[in-house]
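S.K.: Just passing along the structure, written as structure tokens.
Read-outs: derived from the displayed coordinates by stated rules, not from any lab. Only a predicted model underlies this, so the values are computations on that prediction, with no experimental measurement involved. Here Cβ is always computed from backbone atoms with ideal geometry, including for glycine, and neighbour counts include all displayed protein chains.
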Amino acid sequence: MTVFLTIVVIALFGITLWQMSKILKLSQNSANNSQIANDKDNNLQGKLMLAFVIFLYLLTIYCFVQYHTFFLPESASEHGIDYDQLMLISMVLIFVVQFITQGLLHFFAYKYRGKKENKALFFADNDKLEFIWTIIPVIVLAGLIIYGLFTWTDIMDIDEEEGDPLIIELYAYQFDWRARYSGEDNVLGKANVRFIEGINTLGLDVSDNYGKDDKITNELHLPVNRKVIFKMRSQDILHSAYMPFFRAQMNVVPGMITEFAYTPILTSEEMRNSEFMVEKVATINKIRKEKSKKLVAAGEEALEEYTFDYYLLCNKICGVSHYNMQMKIVVESEEDYEAWLKGQTTFGEQLSAQASN
Amino acid sequence: MSATQGDNHDHDHDDHGHHKETFITKYIFSQDHKMISKQYLITGIIMGIIGIAMSLLFRMQLAWPDHQFTIYEVLLGKFGEDGIMDPSIYLALVTIHGTIMVFFVLTAGLSGTFSNLLIPLQIGARDMASGFLNMVSYWLFFLSSIIMVLSLFAEAGPASAGWTIYPPLSALPQAIGGSGTGMTLWLVSMAIFIASSLLGSLNYVVTVINLRTKGMSMTRLPLTIWAFFVTAIIGIVSFPVLLSAALLLIMDRSFGTSFYLSDIYIQGEVLHNQGGSPVLFEHLFWFLGHPEVYIVLLPALGITSEIIATNARKPIFGYRAMVASILAIAFLSTIVWGHHMFISGMNPFLGSVFTFTTLLIAIPSAVKSFNYITTLWKGNLQFNPAMLFSIGLVSTFITGGLTGIILGDSTLDINVHDTYFVVAHFHLVMGISALYGLFAGVYHWFPKMYGKMMNKNLGYVHFWVTAIGAYGVFFPMHFVGMAGLPRRYYTNSNFPYFDDLTDTNVLITVFALITAAAQLVFLYNFISSIFYGKKAVQNPWQSNTLEWTTPVEHIHGNWPGEIPSVFRWPYDYSKTNENGEYVIAGQDYAPQTIPLQDGEEEMHH
């Protein structure tokens, strides 16, 4: 990579120097020094246009080859499969159009580069042509819009009655996250920031019995294949709960409760062992090892080895530590999930423990 | 129209050559649109230098997060101690970079410069409808620029809530230092900026409607004027909404109201605010914010339409479709703002509506792109630097516009929202494209502004390094965004998952540094050409529009004698009679002031 960079830099500077020297040469024989493009300029610049579109194609290919590992792995949520499908279709469409239009634009620039004796064609209008290229985008976009809207409605249709969804509150504050599980009754107790006091850091209404069995955690554990409805609440300012592996994101807004729902379909374990992730983590650890070497040489601590876990990150600018506002997500089997949940204390227990102190 | 003509004539007698100009009235408090346009351009360029320099600083931070750079300490003072950038100043740099580039460079610097220069010259008017208001407009802009620059020196740092200044972050100094004095100055500066922009826009609209010369019907207007005219209208419709958003925010900050604030517990304290909603601010902000994209872009598209036609020696293809597209884009731009808010917590049904309107905007945009490409077809292309930048604009407009199809789709937006994918998208489609429009305009009308020619070879170097650099910066950035990397992160090192993106971030920063260096070539060319450039001839690009019928030396009132009348549309390039000869023998263009020749038919374009 560094080698590539160096080559790019050298090449660009080379081109600059070459052009600079040409300028000097050209400015010396100033027979035709009008600063208006002449046939020689047109010829050279036209060819450069052709070279440029080739550069653009190569850049595209390079990025896809080199960066295909950047794309997120297969979706870990159910609706994410439709999402990825729609994304793929849109991407293919975009690149076809990009390939053709950039090609035409730069090829015409090259092909019709000016010459003194040439005559341009006076071609001001053509209704048929214009109709065609109006109607094609109309049809294509209509298809995309309809497809997109169906998927959107499916994702956003959050029904608490249907099936047996798990209800979890995501609570955001500068600069961390908390999850509140609704307990046995699967109903979240009432809460408001005005109730925040002492260990009641999420502002639960102590008089609301639904809240007594709620469990507050700083990791998000989800059972696989069960729909989860997130109710999001912010303590201070705007945050955004972004869970890229689940194709899920929703802003967390003070003063209102926002919602998002999805069904996780791949456990953390399955994702960790997928071919994509094994390779990706290996690459990352290689990078980290090399970095550690430098760190150790400089007398600092080495970096830890990375194992993959799902994460949730804040994706709405929220202050100085915005870049490190994250929470670990664990997707596991129903049994593991139940076992973990049992180990967490309820809000009621916390309160009485404090009272007895 | 004859009445207008008469009025102009009177004006001619009153004003022309009768008053002495002092240094102050000529260069500082000038009411002459040509001087005001130069003032806009130079102020815009200076703001541009600041804005781009900021982007280099935070790009360096992103590429080499654990490296210490003395330059941070030199430029950022206490926020860059020991060469380590403070996270709060990182956010401030991002915020002010966005604000300066969008408003001060691309709105005022681009539209302000060229609307002022070209509207009177291309429609055949002695000056703007109100020279005085025009002067006030510039000086308000200047004042707002000064305040924005001063805000950089606020004790707790400049505004740092992102250029969209979403409350509560922007409303609460407890949440981030920059939301104190820095944000107050930001709001004051923007309020003045809006006043400036409104005065300017009203003037443009009135001038275009009332002061067209004899024969200059709306369908004979150059596309530049159409673009400036419609841009001014969108500005008038949407900027006041930003002002009201800002006023309510000022009240929330200073007078204890709760328009945007509710249920907040911060720094161990519950705030009294109740019942407000940040989503309201988002609606108000984007009601301006989205049309703003087109306020930035349409003038650039107008400029390139004119330049591509002139340099292709061909009429612009589909003049009426181009005008219709400008109008359609302008109309749609005011009803798509919600696509910035798909996941803001607003009703998902609204999301569906905004997806629909947003994707519709792709249609007029596609028509424009195809028309540009067809204009090149079978042309006799003259690759002046302005032409290169115009073609470059079409290229980045297509690349950046296409990814809009993904972001405009509410479903797909979920996972790329606020990632680097968005950053790449809007920089290409509005940032780079509009900058190319600005450069194209400067190269093309420099002879008109300063009576000198810019060096074309330096122009070529400037273009090619910029073109390669801009794609080098923003094309890989899409892929970084697809990895789910959020924007506005001070460093990505807290997520080991992003470790493999480091090299790409370095690559992007290197391209950014090279591209910025290429802009120095432009600056050198610009400044040295003003003083030492080759003297320009009256119509260097052999163009049809009216500005090239004025003398090279600037005079107050533009034309020494009577205002020229117009007999044809501005795009009669390479028009031939039936026998295949040019309508005017020996020249491939027919300026608007030339009456129809014997046997020539006027096109019903």
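S.K.: Kindly provide the set of residues from region A:116-138 that are facing another protein chain (nearest Cβ under 7 Å) and over 42 Å from the mean Cα position of the chain (by Cα), ordered by number.
M.R.: Residues satisfying the conditions are A:N118, A:K119, A:A120, A:L121, A:F122, A:F123, A:A124, A:D125.
S.K.: Filter region B:226-268 down to the residues that are within 14 Å of another protein chain (Cβ to nearest Cβ) and either in a helix (DSSP H, G or I) or in contact (Cβ under 8 Å) with a residue 24 or more places away in the chain (or both) and list them by number.
M.R.: B:L249, B:D252, B:R253, B:Y260, B:L261, B:I264, B:I266, B:Q267
S.K.: Does region A:153-171 hold any residues that are within 12 Å of chain B (Cβ to nearest Cβ) and within 22 Å of the chain's Cα centre (by Cα), and which are they? Full working, then the answer.
M.R.: First, pick out the residues of region A:153-171 that are within 12 Å of chain B (Cβ to nearest Cβ): A:153-158, A:171.
Answer for region A:153-171, where residues must be within 12 Å of chain B (Cβ to nearest Cβ) and within 22 Å of the chain's Cα centre (by Cα): A:T153, A:D154, A:I155, A:M156, A:Y171.
S.K.: Test B:L381 against the stated conditions and say whether it is crowded, with 24+ Cβ neighbours inside 10 Å and facing chain A (nearest Cβ under 7 Å). It would help to see each step written out before you state the result.
M.R.: Values: crowded, with 24+ Cβ neighbours inside 10 Å: yes; facing chain A (nearest Cβ under 7 Å): yes.
When the stated conditions are applied, B:L381 passes them.
S.K.: While we're looking at this one, here's another question. Working carefully through the options B:D66, B:D82, B:D86, B:D32, find the one that is within 27 Å of the chain's Cα centre (by Cα), over 16 Å from B:G431 (Cβ atoms) and acidic (D, E).
M.R.: So the residue among B:D66, B:D82, B:D86, B:D32 that is within 27 Å of the chain's Cα centre (by Cα), over 16 Å from B:G431 (Cβ atoms) and acidic (D, E) is B:D32.
S.K.: I'm checking my understanding of the structure. Among residues of region B:179-223 that are of a type in the set (K, R) and touching a Pro at 6+ places or on another chain (Cβ under 9 Å), which one is nearest to B:S111 (Cα to Cα)?
M.R.: Here is the first cut: in region B:179-223, the residues of a type in the set (K, R) are B:212, B:214, B:220.
Of the ones still in play, those that are also touching a Pro at 6+ places or on another chain (Cβ under 9 Å) are B:214, B:220.
Details: B:K214: 26, B:R220: 21 Å.
Checked region B:179-223; the qualifying residue nearest to B:S111 (Cα to Cα) is B:R220.
S.K.: Please pick out the residue among B:F463, B:F498 that is under 26 Å from B:I89 (Cα atoms), in contact with a Leu (Cβ under 7 Å, 6 or more places away or on another chain) and more than 8 Å from chain A (Cβ to nearest Cβ). Talk me through it step by step, then tell me what you get.
M.R.: On the way: B:F463 fails: under 26 Å from B:I89 (Cα atoms).
That would be B:F498, the only listed residue that is under 26 Å from B:I89 (Cα atoms), in contact with a Leu (Cβ under 7 Å, 6 or more places away or on another chain) and more than 8 Å from chain A (Cβ to nearest Cβ).
S.K.: Which pairs turn up if I take residues in region B:573-595 that are of a type in the set (D, E, K, R) and look for partners that are not in a loop (DSSP other than H, G, I, E, B) with beta carbon separation below 6 Å, at least 6 apart in sequence or on another chain?
M.R.: B:D588/B:Y582
S.K.: B:F356 passes all but one of (1) surrounded by fewer than 24 Cβ atoms within 10 Å (Cβ to Cβ); (2) facing chain A (nearest Cβ under 9 Å); (3) under 13 Å from B:L301 (Cβ atoms); which number fails?
M.R.: Every condition holds for B:F356 apart from (3).
S.K.: Every residue in region B:46-75 that is free of Cβ contacts under 8 Å to residues at least 60 places away in the same chain, assigned to a helix (DSSP H, G or I) and in contact with a Gly (Cβ under 7 Å, 6 or more places away or on another chain), please.
M.R.: B:T70, B:Y72, B:E73
S.K.: Another one. Hey, among the residues in region B:467-495 that are of a type in the set (S, T, Y) and facing chain A (nearest Cβ under 7 Å), which one's nearest to A:R288 (Cα to Cα)?
M.R.: Kept after step one, since they are of a type in the set (S, T, Y), are these residues of region B:467-495: B:471, B:489-491, B:493.
When the remaining residues are screened for being facing chain A (nearest Cβ under 7 Å), the result is B:471, B:489-491.
Details: B:Y471: 29, B:Y489: 20, B:Y490: 19, B:T491: 16 Å.
Restricting to residues being of a type in the set (S, T, Y) and facing chain A (nearest Cβ under 7 Å), the top hit is B:T491.
S.K.: Of all residues being surrounded by fewer than 21 Cβ atoms within 10 Å (Cβ to Cβ) and outside any loop (DSSP other than H, G, I, E, B) in region A:182-200, which is nearest to the other protein chains (Cβ to nearest Cβ)? Just the residue, please.
M.R.: If we take residues in region A:182-200 being surrounded by fewer than 21 Cβ atoms within 10 Å (Cβ to Cβ) and outside any loop (DSSP other than H, G, I, E, B), then A:R194 is nearest to the other protein chains (Cβ to nearest Cβ).
S.K.: Here is a follow-up. Given the structure, is B:A440 buried (at least 23 other Cβ atoms within 10 Å of the Cβ), in contact (Cβ under 8 Å) with a residue 60 or more places away in the chain, more than 7 Å from every other protein chain (Cβ to nearest Cβ) and part of a helix (DSSP H, G or I)?
M.R.: Values: buried (at least 23 other Cβ atoms within 10 Å of the Cβ): yes; in contact (Cβ under 8 Å) with a residue 60 or more places away in the chain: yes; more than 7 Å from every other protein chain (Cβ to nearest Cβ): yes; part of a helix (DSSP H, G or I): yes.
Spelling it out, B:A440 is indeed buried (at least 23 other Cβ atoms within 10 Å of the Cβ), in contact (Cβ under 8 Å) with a residue 60 or more places away in the chain, more than 7 Å from every other protein chain (Cβ to nearest Cβ) and part of a helix (DSSP H, G or I).
S.K.: Just one of B:G351, B:G338 is within 7 Å of another protein chain (Cβ to nearest Cβ), within 24 Å of B:W163 (Cα to Cα), of a type outside the set (K, R) and surrounded by 20 or more Cβ atoms within 10 Å (Cβ to Cβ); which is it? Before you say what the answer is, go through the steps one by one.
M.R.: Values: B:G338 fails: within 7 Å of another protein chain (Cβ to nearest Cβ).
One residue alone meets the criteria, B:G351.
S.K.: Among the listed residues B:I326, B:I303, B:I295, B:I308, which satisfies the condition of being hydrophobic (A, V, I, L, M, F, W, C), within 11 Å of another protein chain (Cβ to nearest Cβ) and either crowded, with 19+ Cβ neighbours inside 10 Å or under 22 Å from the mean Cα position of the chain (by Cα) (or both)?
M.R.: Values: B:I326 fails: within 11 Å of another protein chain (Cβ to nearest Cβ); B:I303 fails: within 11 Å of another protein chain (Cβ to nearest Cβ); B:I295 fails: within 11 Å of another protein chain (Cβ to nearest Cβ).
So the residue among B:I326, B:I303, B:I295, B:I308 that is hydrophobic (A, V, I, L, M, F, W, C), within 11 Å of another protein chain (Cβ to nearest Cβ) and either crowded, with 19+ Cβ neighbours inside 10 Å or under 22 Å from the mean Cα position of the chain (by Cα) (or both) is B:I308.
S.K.: Let me ask something additional. Tell me whether region B:516-527 contains one or more residues that are surrounded by 19 or more Cβ atoms within 10 Å (Cβ to Cβ), facing chain A (nearest Cβ under 10 Å) and of a type in the set (S, T, N, Q).
M.R.: Within region B:516-527, not a single residue is surrounded by 19 or more Cβ atoms within 10 Å (Cβ to Cβ), facing chain A (nearest Cβ under 10 Å) and of a type in the set (S, T, N, Q).
S.K.: I've got another one for you. Sort out for me the strands (runs of 3 or more DSSP E) sitting completely within region A:201-312 that have 3 or more residues that are within 12 Å of chain B (Cβ to nearest Cβ).
M.R.: Values: elements: A:215-217, A:220-223, A:228-234, A:239-243, A:248-252, A:258-262.
So the answer is A:228-234, A:239-243, A:248-252, A:258-262.
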